[in-house]
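Working notes, structure below.
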Amino acid sequence: PAVIWRMVKIGLPAAITGIERSFANILLVKFISPFGTVAVAAQSLEERIGQFIQMPAMGFGMAGGVMAGQNLGAGKPERAEKSGWIAAFCFTGIMVVGCLVIWFFSDYIVRIFNSEPELVAVTSNFLKIQIISYLVFGFVLVLSQTLNGVGDTVVPMLVTLTTMWLVQVPMAYVLSKTTLGMYGVRWGIVLAIFLRAIIYIVYYRTGRWKHKKV
């Protein structure tokens, strides 16, 4: 029972984080659906491409989390912190190159999936807006995975809750009602991710997670 309780304390916040993200994404579809089927299709396609981009970040984050956890267990907190930073900056370096490819070849990327001109144009614009968030993915996804890896799952849950439901959802709704239209939804997402990156960098830098006892 003691081991099960420890697993629940660590795993439950991580599960809630996933639920928060899923419900927020459903609302985003509701916000963008009034702009028509092309907008909804572009939103869905951009999300799929984004998930593909996130895969390396999740991998780097898992690696950073494992190394950080090992080093904390070995009584080397500074080395644990360094593991997370190295993983984050490695992925950020990859994304700099990836974002250049997206900026110059977004149309060709979209045409891999669909060649309908209007869909290509809208999805291409979505991708270019999202470049800002892709550049900070290393600090959002990698550092959050690192925190999860050392058992500090409550902070990612709270960060996701506040940035998604107090920033992303309201901003996506408000901006979609302005002249930005459907692009306002994407800008709301970008603003929330950028804020999330700042919060993770500040929290990770404080080192409070180094005192987490699993």
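The values are calculated or read from the model by the stated rules, or taken from the named source; none is laboratory data. Everything numeric here is computed off the predicted structure, so don't read it as measured data. Cβ placement follows ideal geometry from the backbone for every residue including glycine, while neighbour counts extend to all protein chains displayed. Just the protein is used for accessible areas: all its heavy atoms, side chains included, with ligands, DNA and RNA removed. Shrake-Rupley method; radii C 1.70, N 1.55, O 1.52, S 1.80 Å.
Within segment 65-105, take every residue that is β-branched (Val, Ile, Thr) and open to solvent by less than 40 Å² (accessible area, probe 1.4 Å) and give me the one that is nearest to Leu143 (Cα to Cα).
Taking segment 65-105 as the starting set, the residues that turn out to be β-branched (Val, Ile, Thr) are 66, 86, 92, 94, 96-97, 101-102.
Filter once more, so that each one left must be open to solvent by less than 40 Å² (accessible area, probe 1.4 Å): 92, 102.
Working: Thr92: 12, Ile102: 24 Å.
Only one residue fits best here, namely Thr92.
Do the conditions hold for Met62, that is, is it exposed (fewer than 15 other Cβ atoms within 10 Å of the Cβ), of a type in the set (A, V, I, L, M, F, W, C) and part of a helix (DSSP H, G or I)?
Details: exposed (fewer than 15 other Cβ atoms within 10 Å of the Cβ): no; of a type in the set (A, V, I, L, M, F, W, C): yes; part of a helix (DSSP H, G or I): yes.
Spelling it out, it is not the case that Met62 is exposed (fewer than 15 other Cβ atoms within 10 Å of the Cβ), of a type in the set (A, V, I, L, M, F, W, C) and part of a helix (DSSP H, G or I).
Do the conditions hold for Val167, that is, is it of a type in the set (A, V, I, L, M) and at pLDDT below 90?
Numbers: of a type in the set (A, V, I, L, M): yes; at pLDDT below 90: no.
In short, no.
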Fill in: Test: Val120 is more than 14 Å from Arg196 (Cβ to Cβ), more than 14 Å from the chain's Cα centre (by Cα) and either of a type in the set (Ser, Thr, Tyr) or open to solvent by 20 Å² or more (accessible area, probe 1.4 Å) (or both)
no
Item to complete: Write out, first by first residue and then by second, each pair whose Cβ atoms fall under 7 Å of each other, whose residues are 6+ apart or on separate chains, and whose first residue, in segment 202-214, is modelled with pLDDT of 90 or more while the second is in a helix (DSSP H, G or I) and of a type in the set (S, T, N, Q).
Response: none
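Going through segment 202-214 one residue at a time, which ones are touching a Leu at 6+ places or on another chain (Cβ under 7 Å) and open to solvent by 10 Å² or more (accessible area, probe 1.4 Å)? Even if it seems obvious, please write down each step before you answer.
First, pick out the residues of segment 202-214 that are touching a Leu at 6+ places or on another chain (Cβ under 7 Å): 204, 209-210.
Scanning segment 202-214 gives a single hit, Lys210.
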Item to complete: From (1) within 15 Å of Ala197 (Cβ to Cβ); (2) without any contact (Cβ under 8 Å) to a residue 12 or more places away in the chain, pick out the condition that doesn't hold for Leu135.
Response: (2)
Worksheet, complete the sentence: Those residues of segment 11-39 which are open to solvent by less than 50 Å² (accessible area, probe 1.4 Å) and over 21 Å from Leu166 (Cβ atoms) amount to Gly11, Gly36, Val38, Ala39
Worksheet entry | Boolean, Ile193 is touching a residue at least 60 places away in the same chain (Cβ under 8 Å) and surrounded by fewer than 20 Cβ atoms within 10 Å (Cβ to Cβ) | no
Worksheet item: Do we find that Ala80 is in contact (Cβ under 8 Å) with a residue 40 or more places away in the chain, hydrophobic (A, V, I, L, M, F, W, C) and assigned to a helix (DSSP H, G or I) in this structure?
Response: yes
Practice prompt. Specify the residue that is modelled with the lowest pLDDT; the eligible residues are those in segment 171-184 that are of a type outside the set (Phe, Trp, Tyr) and more than 12 Å from Leu28 (Cβ to Cβ).
Written response: Thr179
Worksheet item: Are there any pairs, at least 6 apart or on different chains, whose C-beta atoms fall under 7 Å, with the first in segment 35-46 and aromatic (Phe, Trp, Tyr) and the second assigned to a helix (DSSP H, G or I), and if so, which?
Response: Phe35/Met182
